[in-house]
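A short worksheet on the structure shown next.
The values are calculated or read from the model by the stated rules, or taken from the named source; none is laboratory data. Values in this document were obtained by computation on a predicted structure and should not be read as measured data. Every residue, glycine among them, receives a Cβ derived from its backbone with ideal geometry; neighbour counts consider all protein chains shown.
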Amino acid sequence: MWAHPRSEERTGLARGVGTACCLAAALLLAAGCAPARYRLAGDEAGGARELFVSAAALSFPIEASYSGIAEISGRARSFVVGVNSRAPAEETVGVYDPAGRPALFLANDGTRILFSRGPAAGDFPPPNLPPVSAGPVSLGRILSGAPGYPVDGGDLGRTAEGEWVLEDGRQRLFSDPSRRLLSRAEYDFSGKRVTVAYPGRETPGPPPLVRIEVSGVTIVLRRDTE
């Protein structure tokens, strides 16, 4: 059947547009589209910065214990975590099995996080874990619901859901939609994205739950009552 040249032209154009749209969608999905954020200015920017600065105002020493569950390759593992943070550059996090036998120790000296396995490590974590160059991060602060790095600058924004965001190249901090609390944070350690969230947090104090996601592993920590 013969088609009018303009009809064929329109058909080709439609196909070209459709192909371009499909290609654009595929590229966006592959890149992992970042949610839209709006830059803050004026009083709202001042309020957002004040919130994140106050969230970082945590005093030391920090001592706490947690009951945890890790989902690793479809298997759930129970463990106990103890945190001893005398200062941001003098921290130890111990991971123990339910019987109290040591499985892993993390030592933070303010520049690197070092790992050492205990007798209850089993097949996880793997041996010879290399140190992680993390800079002046504090593990105690992160587990206590505060920003891991000092808040001394960064770009401020707001998500479509109303959350305030601070991004300074080392951390991305998010408030809850009501803009009262730090609800989650993202950190980049040696090329790995670590996401930390505080589900159900309602007060500025230490959150009852901490959810950590890194390299396909999900860890949920429940803070023990002091």
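At a glance:
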| quantity | calculated |
| --- | --- |
| Test: residue in the range 122-133 that is among the charged types (D, E, K, R) and touching a helix residue (DSSP H, G or I) at 6+ places or on another chain (Cβ under 9 Å) | no |
| Given (1) under 17 Å from K192 (Cβ atoms); (2) assigned to a strand (DSSP E or B), index of the condition V137 fails | (2) |
| Residues within the range 142-165 that are of a type outside the set (V, I, T) and within 13 Å of the chain's Cα centre (by Cα), tallied | 6 |
| Total residues in the range 140-184, condition in contact (Cβ under 8 Å) with a residue 40 or more places away in the chain, closer than 26 Å to T92 by Cα and among the polar types (S, T, N, Q) | 1 |
| Residue check for G205: assigned to a helix (DSSP H, G or I) and among the small types (G, A, S) | no |
| Filter result for R211 (closer than 30 Å to R77 by Cα, charged (D, E, K, R) and assigned to a loop (DSSP other than H, G, I, E, B)) | no |
| Single unsatisfied condition, A45 versus (1) farther than 21 Å from E202 by Cβ; (2) assigned to a strand (DSSP E or B); (3) of a type in the set (G, A, S) | (2) |
| Residue selected from the range 60-95 under the condition out of contact with any Leu (no Cβ under 7 Å at 6 or more places or on another chain), closer than 13 Å to L221 by Cβ and of a type in the set (S, T, Y), by the criterion surrounded by the most Cβ atoms within 10 Å (Cβ to Cβ) | S65 |
| Total residues in the range 69-112, condition of a type in the set (D, E, K, R), touching an Asp or Glu at 6+ places or on another chain (Cβ under 8 Å) and part of a loop (DSSP other than H, G, I, E, B) | 1 |
| V210 of a type outside the set (G, A, S), surrounded by 20 or more Cβ atoms within 10 Å (Cβ to Cβ) and closer than 22 Å to P61 by Cα | yes |
| Matching residues, the range 61-107, being of a type in the set (S, T, N, Q) and within 21 Å of Y149 (Cα to Cα) | N84, S85, T92 |
| Residues located in the range 167-198, provided they are among the aromatic types (F, W, Y), at pLDDT 95 or above and part of a strand (DSSP E or B) | F174, Y187 |
| Any hit, the range 157-166, residues being over 26 Å from R75 (Cα atoms), polar (S, T, N, Q) and in a strand (DSSP E or B) | yes |
| Qualifying residue in the range 113-121 (condition: part of a strand (DSSP E or B), in the same structural domain as V53 (by TED's automatic domain parsing), within 14 Å of the chain's Cα centre (by Cα) and hydroxyl-bearing (S, T, Y)) | no |
